[in-house]
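> I have a structure here, written as structure tokens, and I will follow up with some questions on it.
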Amino acid sequence: MSDKPLSDLIKQGWEVVGYSVTDSSGETWKHNFLLRRQGQHKVLSVRKKMIGEGVVSSEMEV
């Protein structure tokens with residue numbers, strides 16, 4: 001998994017159309033990006049790993 005999931009998607013032609021941030025349990029911030037490419041949409045969620053370096057990301061088609 002890449003440590004730069006948003007940058008990777010932008011390079012693939014996705015554009016950011018929305019953003020929000022959520023405080024998950026008072027310790028970790030979860031960043032949510034709404035992305036669009038050619039009529040398709042997806043949500044990318046990114047947070048820092050709790051243990052170790054890097055980030056954890058997940059994608060959801062909407």
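> Considering only residues that are under 18 Å from M60 (Cβ atoms) and either open to solvent by less than 60 Å² (accessible area, probe 1.4 Å) or assigned to a loop (DSSP other than H, G, I, E, B) (or both), which ones fall in the range 18-30?
Hits for the range 18-30 are G18, S20, S24.
> Would it be correct to say that M50 is outside any strand (DSSP E or B), touching a strand residue (DSSP E or B) at 6+ places or on another chain (Cβ under 7 Å) and free of Cβ contacts under 8 Å to residues at least 24 places away in the same chain?
Taking the combined requirement at face value, the residue satisfies it.
The values are calculated or read from the model by the stated rules, or taken from the named source; none is laboratory data. None of these values were measured; they are calculated from a predicted model. Methodologically, a virtual Cβ is constructed for each residue, glycine included, from the backbone with ideal geometry; neighbour enumeration extends over all protein chains shown. Protein only, heavy atoms only, side chains kept; ligands, DNA and RNA dropped before computing areas. Shrake-Rupley method; radii C 1.70, N 1.55, O 1.52, S 1.80 Å.
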